[in-house]
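Written below as structure tokens is the structure these notes are about.
The values are calculated or read from the model by the stated rules, or taken from the named source; none is laboratory data. As the structure is a computational prediction, the values presented were derived from the model and not from experiment. Cβ coordinates were reconstructed from backbone atoms using ideal geometry, including for glycine residues, and neighbour counts include every protein chain displayed. These accessible areas exclude ligands, DNA and RNA; they are computed on the full protein's heavy atoms, side chains included. Shrake-Rupley method; radii C 1.70, N 1.55, O 1.52, S 1.80 Å.
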Amino acid sequence: MSNRSCIQTSNDPVEAIQLNVIKVSRHRHNRHHHPIASLSSSKSRVIHTSIRSKSNNRSIENAHHREEKSIIKNLIKRSKSTTSSVSVSKVHPTPCETHHSSAKTITVQDNSHREIIQDNSSSPNLFTAADENIFPIWTNQKNITNDYHKTSKINKKKKYKRYYIAFSVVTILILGIAIMATLLAVLIKPKSTQTSQTYMTTISNPCVTNIFWNKIGIIYAGNGIQGPSLNQLSSPTGIYMDPLDSLYINDNGNFRSIKYSSGATIGVLVAAGMSGSALNQFGAGIRFGYADSNQNVYVADMSNHRVMRWANGASTGVVVAGNGTFGSTLNQLRNPYSVWVDSNSNVYVAEYMNHRVTKWSPGATAGIVVAGGNGQGTTSDKLSYPSSLVYDESNQDLYITNALSETVIKWHINASNGTFVAGISATSGSSAILLANPIDLKLDRWNNIYVVDRGNSRIQLFCNGNSTGITIVGAGSNNGNLISPYSVAIDSQLNLYVSDNAFARVTKFSKL
């Protein structure tokens with residue numbers, strides 16, 4: 001509301017009339033609040049008028065009347081097209097105006113209705129009869145604010161609706177990308193992972209299912225021709241499979257150890273490659289080996305009477321058992337054939353000519369006897385040319401092949417004697433219960449024993465607790481002929497690998 005100042009009037013009977021047109025609204029800055037522009041709208045409006053008397057001369061009064069009529073004419077021009085009705089309500093005067101001003105309520109209708117003017121005071125009339133039908137003033141003050149709020153709410157709803165649509169589109173895009181990424185991850189899953197899952201769910205104990213191996217093998221390493229290239233082998237001896245299904249081959253004729261990663265068609269040199277006794281060389285006879293979970297390689301360097309450890313990627317090895325001289329003292333080895341390493345990095349060595357197994361702790365300069373050591377013999381308290389061993393760490397049992405007593409013996413660590421689990425001691429033969437020069441063995445997870453029966457050119461399976469063997473490879477089977485098998489390995493899918501010393505190759509036999 002406009003401020004109304006308190007003005008003392010004179011006793012002059014002539015009073016000037018001042019027309020104050022005030023539009024009432026709660027929103028001062030709305031464009032509809034301009035008094036002239038508001039009359040062009042077809043909406044109802046409320047106009048408050050206050051007629052205040054002032055002491056002045058006649059000329060001033062006439063001037064005011066002229067000004068008022070001029071304003072009214074302008075308003076008339078803008079409002080001729082308007083068809084709504086207006087109510088001008090009473091404006092209460094300020095205290096100082098009580099004696100000098102009067103309020104007038106005017107109701108004006110459009111030009112289709114007659115104008116009604118109510119005069120509640122003796123003040124000069126602002127409008128005359130000639131002014132009828134010319135001054136439409138809109139009514140319903142509440143409609144102004146209500147319409148404004150309606151428009152604001154509609155605009156806000158439209159604005160929020162746009163935000164919701166944008167947010168929904170972005171959310172759908174993100175979800176779509178996430179779903180596509182998940183599908184791609186499933187579809188492009190590595191083959192090895194799929195294979196591992198298949199293995200875990202489908203591979204069963206062959207001694208329970210009686211489902212064995214394809215007797216038709218395929219060449220996995222080497223090409224059957226003796227040679228020094230990395231795709232060739234020369235008199236291969238011991239082989240071993242690491243937890244990643246990488247196959248390690250002791251290539252005796254080339255004085256080296258090579259690795260075939262899973263699916264590889266050519267080997268990679270991992271140790272030595274030259275003949276000699278230096279730390280980067282192997283002697284003339286290397287036998288069996290071992291590879292740990294970090295792909296560090298341990299090799300029984302038989303003719304140098306030592307066990308060498310080659311760290312993954314190293315160009316030279318270190319001695320972890322023996323001192324390079326042959327003998328029977330505990331700081332010496334004599335013709336070590338096989339090696340095994342437990343989870344604490346203790347090294348177990350089968351000493352072919354000392355008829356014993358010794359254990360070498362990390363950093364030790366001497367070993368301790370854990371099996372045999374009583375001289376060569378065919379009884380259960382003696383070993384006879386032990387050629388290979390496997391350590392069942394969970395049960396602390398060593399499985400050892402006695403090459404010249406034709407048996408496999410299980411010996412608990414530090415026990416005084418062992419138990420024969422395959423073959424008949426001092427009896428060579430080709431029947432299912434006999435062996436001839438057993439040279440190597442492996443265990444599966446069910447503790448079934450796989451024996452390289454070298455003298456019979458076959459691989460025998462001895463189910464856990466059963467002393468009768470099953471021929472699974474060799475012995476004249478189609479394309480599975482083995483002339484001089486030397487070592488056996490098993491991968492995570494229970495496929496079988498056999499090194500053939502005479503054929504200069506490693507053959508793979510798939511699990512059925």
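Here are the numbers for the structure shown:
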| quantity | calculated |
| --- | --- |
| Cut-off 13 Å between beta-carbons: net charge of the residues surrounding residue 215, Lys and Arg +1, Asp and Glu -1 | +3 |
| Summed side-chain charge close to residue 325 - residues other than residue 325 whose Cβ falls under 11 Å, Lys, Arg +1, Asp, Glu -1 | +2 |
| 5 angstrom amide H check on residue 256, placed H, neighbours 5+ away | 251, 273 |
| Long pairs among 442/508; 410/511; 215/511; 215/259, criterion Cα-Cα beyond 18 Å | 410/511; 215/259 |
| Solvent-accessible heavy-atom area per residue, rounded to whole Å², over the range 393-441 at 1.4 Å | 38 Å² |
| For peptides 402-408, 367-373, sequence by mean Cβ density within 10 Å, most packed first | 402-408, 367-373 |
| Extension gain, residue 415 back to residue 319 (0.36 nm per residue minus Cα-Cα distance, nm) | 31.8 nm |
| Per residue accessible area in Å² of the range 271-376, where ligands, DNA and RNA are left out and the probe is 1.4 Å | 38 Å² |
| Neighbourhood net charge (14 Å Cβ-Cβ; Lys/Arg +1, Asp/Glu -1) for residue 374 | 0 |
| Amide proton proximity set for residue 314, modelled H, under 5 Å, gap of 5+ | none |
| Distance histogram in 5 Å bins (all Cα pairs of the range 330-397, percent per bin) | 4, 19, 29, 26, 16, 5, 1 |
| Apportionment of accessible area to carbon and sulfur, the range 192-340, percent (1.4 Å) | 54 percent |
| Gain upon complete extension [residue 261, residue 433; 0.36 nm per residue less C-alpha separation] | 58.3 nm |
| Residues with amide H under 5 Å from that of residue 387, placed H, sequence gap 5 or more | 401, 403 |
| The range 422-512, accessible surface, carbon-and-sulfur percent (1.4 angstrom probe) | 45 percent |
| Spin-label pair residue 426/residue 467, simplified geometry with 7 Å Cα→Cβ offset, distance in nm | 1.5 nm |
| Distance between modelled label sites at residue 244 and residue 331, nm, 7 Å Cα→Cβ extension | 3.8 nm |
| Förster-model FRET efficiency, 22 Å R0, residue 268 and residue 303, C-beta, rounded to 0.05 | 0.35 |
| Between the range 208-254 and the range 340-386, the alpha-carbon center distance in angstrom | 27 Å |
| Residue 219 paired with residue 177, simple spin-label distance in nm, labels 7 Å along Cα-to-beta-carbon | 5.2 nm |
